[in-house]
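So the structure is just underneath, and the comments pick up after that.
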Amino acid sequence: MSVKQNLDKINLEIHDISKKSIHSAQPHVIAVTKYVTIERAREAYEAGIRHFGESRLEGFKKKKEALPSDATLHFIGSLQSRKVKDVINDVDYFHALDRLSLAKEINKRANHVIPCFLQVNVSGEESKHGIALEEVTEFINKIKDYENIQIIGLMTMAPFTDDGSYIQTLFRDLRHKSDEIQQFNLEHAPCTELSMGMSNDYQIAVEEGATFVRIGTKLVGE
Ligand SMILES: *Cc1c(COP(=O)(O)O)cnc(C)c1O
């Protein structure tokens with residue numbers, strides 16, 4: 001399938017789901033290009049996609065170089081602190097802020113404000129990155145003096161399962177937490193965005209109010 005065909009189908013679905021949901025705003029679709037070639041990423045650009053997600057340093061740099069300058073690049077994978085300096089100033093959005101030491105390093109190395117998502121491990125699975133739901137507020141308070149970091153929202157990865165209603169509760173819990181943070185009206189953490197939903201579960205994420213979905217396989221997979 002061409003990216004255009006996949007995108008048309010996904011856009012239609014998203015349109016229908018958001019029309020029925022109380023969260024009627026349509027999310028941005030991030031094409032996760034980590035598994036695919038530069039040619040396929042360019043095809044996605046030609047199909048109209050402007051948001052691209054990469055989870056590793058090398059892939060990020062390659063796609064950044066290859067795509068036109070109006071492409072928005074999201075770093076969605078975990079990042080080692082010692083590599084922050086090599087990439088952070090090229091990142092338009094960082095989705096995987098998951099520890100204080102990383103926040104410290106980003107704040108030190110960034111030469112402008114970096115829009116960040118806090119990665120939250122909602123399910124509590126040990127294998128997953130992210131801070132616990134109960135620790136989000138405390139974490140946000142701790143970084144309020146980090147002037148190069150703005151927490152624009154929360155991000156999560158659901159476990160890989162067929163149990164849609166379980167995934168739905170996880171996404172809903174994340175949304176409730178982000179609603180809670182928004183009430184504080186924090187300048188350094190407006191927390192208006194929600195990055196959730198991948199190939200396996202983006203329909204559920206849209207229903208639960210995602211503002212960014214991150215789709216790889218079903219959008220650009222070959
Ligand atoms: C790989 C990846 C995705 C996309 O995964 P698909 O299942 O291929 O859609 C989304 N988010 C993150 C953080 C990823 O690492």
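The values are calculated or read from the model by the stated rules, or taken from the named source; none is laboratory data. The shown structure was predicted, so the numbers you read here are calculated from the model rather than taken from an experiment. No Cβ is skipped: glycine too gets one built from the backbone with ideal geometry, and neighbour counts run over all protein chains shown. In case anyone asks, the SASA skips ligands and DNA or RNA and just uses the protein heavy atoms, side chains included. Shrake-Rupley method; radii C 1.70, N 1.55, O 1.52, S 1.80 Å.
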Considering the chain as a Gaussian network with a 10 Å cut-off on Cα pairs, which listed residue, Thr211, Thr161, Thr37, attains the greatest mean-square fluctuation?
Thr161
Could you put Arg42, Arg82, Arg56, Arg214 in order of accessible surface area, largest first, with the 1.4 Å probe and the full protein assembly present?
Arg56, Arg82, Arg42, Arg214
Cut-off under 20 Å on the C-alpha distance; same-chain residues fewer than 8 positions from Lys218 excluded. Which lysines are left, in chain and number order?
Lys4, Lys9, Lys34, Lys63
What do you reckon, how do Glu208, Glu105 stack up by accessible area (1.4 Å probe), largest on top?
Glu105, Glu208
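Could you please state how large a percent of the accessible area of region 1-218 is carbon and sulfur, counting protein chains only and using a 1.4 Å probe?
Heavy-atom surface of region 1-218 belonging to carbon and sulfur, 1.4 Å probe: 47 percent.
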Per residue accessible area of the chain, 1.4 Å probe, in Å²
49
Computed log₁₀ I(q)/I(0) - Debye formula, equal Cα scatterers, no solvent, region 1-218, q 0.16, 0.18 Å⁻¹
-1.11, -1.38
Given Cβ charges of +1 for Lys and Arg and -1 for Asp and Glu, the option among Ala44, Ile167, Leu97 whose Cα lies farthest towards the positive end of the dipole of the chain is Ala44
